[in-house]
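Some notes on the structure that comes next.
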Amino acid sequence: MFQYDAAKLKDQLLELLRLAATDLPQDVVDSIQAAHDNEPEASSARSVFGMILKNIELAREESTPICQDTGTNIYMVHIPEGVSMRKLTALIHEATAEAVEKSYLRPNAVDSITGKNSGNNIGEGQPYIHYEEWDKNTIEFELMLKGGGCENVSTQYKLPDVGLGAGRDLDGVYKVIVDAVNKAQGLGCAPGILGIGIGGDRMSSHMAAKNQLFRKIPDINPDSALAEMEDRLKKDLNTLGVGPMGFGGETTVLGVKIGSLHRLPASFFVSIAYMCWAYRRHSMILNTKGEVSYD
Ligand code: SF4
């Protein structure tokens, strides 16, 4: 049976939250730096990228949130057999409330009926925690902070889409993704990173799209057809000219990540999880000695 020291794990989870809120992952920083270097000198786009990079550096140095919206906290947790999800959830909640006290997180949980903010970032469905059992004798916590502005331009299509001439095939998928990015323009705090879920039902399709955002930007899809599509979409979307924050420029998306699920014969959904440049995600692995490693 996997055992851990609860008080210590709460502190380790608090550090995971601090990292996620204040320290953008290096693959994202490298990607933003490359986009900056690719813009012409004295262009608005280069200047916006320069400000974004300065913001990232200051947040890291001073342990302050990268953006005022610290987003929805989304956890993907892998556990060995026998570990209590209920107890882990309680520790995540404790760490979340403390992260708000320390100003790593903004209190972001608002009661949808009364409009009252819970004050500690905890509420029904927030943080969102998904558990999966695995064969390893470690616990992995993957955490993503998903901003509200980019979530507002995330969307879902149902194929066929007659208006877009999009049928039930990869060409149809391509067309609706281009349409979504065109409609978003700079509103999702571009450049975006797209997580795409093809298939499933309405709910699982959105989940599949969000799960894609746990991948690193430079990784390559093991499915060759999807890998080709990811590359093609990234190149083509970067000809749209939306640029950082909608100021125009060479980079509209930093990456496109696509996953697929089986679907019913009657349905063909394509879900698009749009992530902003503040692509905050980190993970933590806890071993049987109580040691953690962060990524
Ligand atoms: S969309 Fe992202 S960068 Fe824009 S305000 Fe929200 S969290 Fe911040």
### Residue among Asn108, Asn137 that is away from the ligand (no atom under 15 Å from the Cβ), on the phi < 0 side of the Ramachandran plot, part of a loop (DSSP other than H, G, I, E, B) and not acidic (Asp, Glu)
Asn137
### Task
Could you run through region 248-295 and say how many residues are aliphatic (A, V, I, L, M) and surrounded by fewer than 18 Cβ atoms within 10 Å (Cβ to Cβ)?
4
### Query
Out of curiosity, is Gly188 of a type outside the set (Ser, Thr, Tyr) and within 16 Å of the ligand (Cβ to nearest atom)?
yes
#### Entry: Members of region 178-206 that are among the hydrophobic types (A, V, I, L, M, F, W, C) and buried (at least 18 other Cβ atoms within 10 Å of the Cβ)
Ala180, Val181, Ala184, Cys189, Ala190, Ile193, Leu194, Ile196, Ile198
### Query
Going by the structure shown, is Glu230 surrounded by 15 or more Cβ atoms within 10 Å (Cβ to Cβ), part of a loop (DSSP other than H, G, I, E, B) and more than 16 Å from the ligand (Cβ to nearest atom)?
no
### Task
Quickly run through region 146-157 and pick out the residues that are part of a helix (DSSP H, G or I) and either touching a Phe, Trp or Tyr at 6+ places or on another chain (Cβ under 7 Å) or more than 16 Å from the ligand (Cβ to nearest atom) (or both).
Cys150, Val153
### Query
Looking at (1) surrounded by fewer than 18 Cβ atoms within 10 Å (Cβ to Cβ); (2) out of contact with any Pro (no Cβ under 9 Å at 6 or more places or on another chain); (3) not aromatic (Phe, Trp, Tyr), which is the only condition Lys136 fails?
(2)
### Message
So, in region 13-66, how many residues would count as being farther than 20 Å from Ala190 by Cβ and of a type in the set (A, V, I, L, M)?
### Response
9
## Note on the structure
Those residues of region 158-185 that are more than 28 Å from Gly71 (Cα to Cα) and within 16 Å of the ligand (Cβ to nearest atom) come to a total of 0
### Message
Just to be sure before I move on: is Gly255 within 17 Å of Val173 (Cα to Cα), modelled with pLDDT of 95 or more, within 16 Å of the ligand (Cβ to nearest atom) and in the same structural domain as Leu194 (by TED's automatic domain parsing) in the structure I sent?
### Response
yes
### Task
Say whether the condition of being surrounded by fewer than 16 Cβ atoms within 10 Å (Cβ to Cβ) and touching a residue at least 40 places away in the same chain (Cβ under 8 Å) is met by at least one residue in region 104-124.
no
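Would you mention how many residues in region 191-242 are closer than 16 Å to Ser271 by Cβ and of a type in the set (Val, Ile, Thr)?
Total satisfying the criteria: 3.
The values are calculated or read from the model by the stated rules, or taken from the named source; none is laboratory data. Keep in mind that what you see is a predicted model, and the values were worked out from it rather than measured. FYI the Cβ positions are ideal-geometry reconstructions off the backbone, even for glycines, and counts take in every protein chain you see.
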